[in-house]
Amino acid sequence: MAGENITFPGVLGTAITRFNELEIARTGLSEMEAKSMGLAYKVATIQSSNYAGYYPGAGKIKVKLLARKDNLQIIGAQIVGEQGAAKRIDTIVAAISAKQTTYSLAMMDLAYAPPFSNVWDPVQIAARQLL
């Protein structure tokens, strides 16, 4: 429309939903998809809390993170948990889009406050498992 050519980068298949009190999200490749493509990958699945564990209302969160085995570039993730869990998928979408590695995600300076997250966010805990 503006007379310039741009290239559409595609989509990662990011999705988010809620079922009762359970939040569910995904982006990028699932483990099944990575296997079917013949990709060599590493996977980490961690369980943590959505907020600081001592904070009232803290609940469970589970993060599954996939990265290429050769260069540790993040390729996919799934998240399931209680309030505030699923929206974390956006951090992983940004990491995949920027071709970041598990190291760069693990070391990212994410915001911390007890009603929102732990000192180490669950997505960072999963990334550290893959280092």
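Taking the stated definitions as given, is Ile79 of a type outside the set (Gly, Ala, Ser), over 13 Å from Leu130 (Cβ atoms) and within 15 Å of the chain's Cα centre (by Cα)?
Yes; evaluated as a whole, the condition is true for this residue.
Give region 116-131 a look and list any residue that's open to solvent by less than 40 Å² (accessible area, probe 1.4 Å) and part of a loop (DSSP other than H, G, I, E, B), or say none. Before the answer, list the steps.
Pass one, region 116-131, residues open to solvent by less than 40 Å² (accessible area, probe 1.4 Å): 117-118, 121-124, 126-127, 130.
Answer for region 116-131, where residues must be open to solvent by less than 40 Å² (accessible area, probe 1.4 Å) and part of a loop (DSSP other than H, G, I, E, B): Ser117, Asn118, Asp121, Leu130.
The requirement of being at positive phi, open to solvent by 30 Å² or more (accessible area, probe 1.4 Å) and in contact with a helix residue (DSSP H, G or I) (Cβ under 9 Å, 6 or more places away or on another chain) is fulfilled somewhere in region 65-78, by at least one residue. In region 83-103 there is no residue that is within 25 Å of Thr17 (Cβ to Cβ) and aromatic (Phe, Trp, Tyr).
Residues Ile125, Ile61, Ile89: which one is touching a residue at least 12 places away in the same chain (Cβ under 8 Å) and within 10 Å of the chain's Cα centre (by Cα)? After ruling out the rest, the residue left standing is Ile89. State yes or no: is Asn71 modelled with pLDDT under 95 and over 11 Å from the mean Cα position of the chain (by Cα)? When the stated conditions are applied, Asn71 does not pass them.
The values are calculated or read from the model by the stated rules, or taken from the named source; none is laboratory data. All figures in this text were calculated on a predicted structure; none of them were measured in a lab. Here the Cβ is made from the backbone with ideal geometry for all residues, glycine too, and neighbour counts use every protein chain on show. Please note that ligands, DNA and RNA were not included when accessible areas were found on the heavy atoms of the full protein model with its side chains. Shrake-Rupley method; radii C 1.70, N 1.55, O 1.52, S 1.80 Å.
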